[in-house]
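**Q** Can you read through this structure? Questions will come right after.
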Amino acid sequence: MTIAAYVRLSSEKKDEAEIENWLQYRGIDRYQVEWIGDKENDRKGFDKLQQAIESGQVKCVVLWKLDRLSRRLRDTVNILADWANRGLKLVVVSQRLEIDGSEGRKIATLLRGLTEVEQEFRKERQQAGIAVARKNGAYKGRKKGTTKTRPERARELKESGRSPGEIANELGISKRTAFRYLSSRAASGESRKP
């Protein structure tokens, strides 16, 4: 397989129809394309796509919208940067983007820089909000024993071959938290999100 179309199953009909139009315009038979999909909160299809990219089976990924890669901008930019470094071509049908080669690396680098700037602004705004809430006595912090995400998801990603750093990036947690989630106590489900 050299072309993969990645769709979200919650909006599959819309995604699939637009991608099929793009393929037809380019003279590509839809049956020459590997169709990979995910449900809303399930990323097994994306993991399958990543494995195919890493093994060199996929050279081009077609999406309907860029936000199909991840709900977080930082994760999307990291994925784009990784794919650009691998020489993968990315086509985003609705936004009329075709990114590959050195051009893709430039765009990914620019987006990564913008993401870091936005992340710093967000942290500053968050800290200012917390300071005001503390002053008013409204801020209590996160309750002990709660988690930001499901520790089981960290275990699933580890089993699919991801490193703790990659797991941390994908789940939006620190590397230290990823290690904690991967420990036997967290993986067995003792600490769960309420």
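Every number in this text was worked out from the coordinates using simple rules, so none of it is lab data. Because the structure is a prediction, the values reported are computed rather than measured. No Cβ is skipped: glycine too gets one built from the backbone with ideal geometry, and neighbour counts run over all protein chains shown.
**Q** How much length would be gained if the chain were fully extended between Asp42 and Arg134, taking 0.36 nm per residue of separation minus their Cα-Cα distance, in nm to one decimal? The partial results should precede the final answer.
**A** Working: separation 92, 0.36 × 92 = 33.12 nm, distance 3.65 nm.
Contour length minus the Cα-Cα distance gives 29.5 nm.
**Q** Follow-up. By count of other Cβ within 10 Å, fewest leading, how are Phe46, Phe179 ordered?
**A** Least crowded to most crowded, the residues run Phe179, Phe46.
**Q** Give the label of the value calculated from the structure for volume of the Cα convex hull per residue in Å³, choosing from (i) 149; (ii) 140; (iii) 122.
**A** Matching entry in (i) 149; (ii) 140; (iii) 122: (ii).
**Q** For a quick check, take a GNM of the chain with Cα springs below 10 Å and name the residue from Ala131, Ala81, Ala178 with the largest mean-square fluctuation.
**A** Maximum fluctuation in the GNM of the chain, among the listed residues, is at Ala131.
**Q** OK, next. How much FRET efficiency would the formula 1/(1 + (r/R0)^6) give for Gln119 and Arg142, where r is the Cβ-Cβ distance and R0 is 25 Å, rounded to 0.05?
**A** 0.80
**Q** Listed here are the pairs Lys13/Lys106; Lys44/Lys65; Lys59/Lys158; which of them are more than 21 Å apart at the Cα? Don't jump to the answer; show the numbers that get you there.
**A** Values: Lys13/Lys106 33 Å; Lys44/Lys65 19 Å; Lys59/Lys158 25 Å.
Distance filter (> 21 Å) returns Lys13/Lys106; Lys59/Lys158.
**Q** Compare Arg96, Arg74, Arg150 in a GNM of the chain, Cα atoms joined below 10 Å, and give the one with the largest fluctuation.
**A** Residue with maximal mean-square fluctuation among Arg96, Arg74, Arg150: Arg96.
**Q** Among Lys14, Lys135, Lys48, which comes first, then next, by fewest other beta-carbon atoms within 10 Å? Before the final figure, lay out the partial values.
**A** Details: Lys14 14, Lys135 9, Lys48 17.
Final ranking by Cβ density, sparse to dense: Lys135, Lys14, Lys48.
**Q** What share of Cα pairs, in percent, lie more than 17 angstrom apart in region 41-84?
**A** Here the long-distance tail beyond 17 Å is 29 percent of all Cα pairs in region 41-84.
**Q** Give me the extension gain from Arg86 to Ser174: residue separation times 0.36 nm, minus the current Cα-Cα distance, reported in nm with one decimal.
**A** 29.1 nm
**Q** May I pose another question? For Thr177, Thr149, what's the fewest-to-most ordering of other Cβ within 10 Å of each Cβ? Numbers along the way, then the final one.
**A** Values: Thr177 20, Thr149 15.
In increasing order of surrounding Cβ atoms, one gets Thr149, Thr177.
**Q** I would also like to ask the following. Give the lysines reachable from Lys143 as a straight Cα distance under 21 Å; neighbours fewer than 8 places away on the same chain don't count.
**A** Lys123, Lys135, Lys175, Lys193
**Q** Can you tell me the FRET efficiency between Glu103 and Glu54 if r is taken as the Cβ-Cβ distance and R0 is 22 Å, rounded to the nearest 0.05? Each step should come with its number before you reach the end.
**A** Values: r = 22 Å, r/R0 = 1.00.
Once rounded, the FRET efficiency stands at 0.50.
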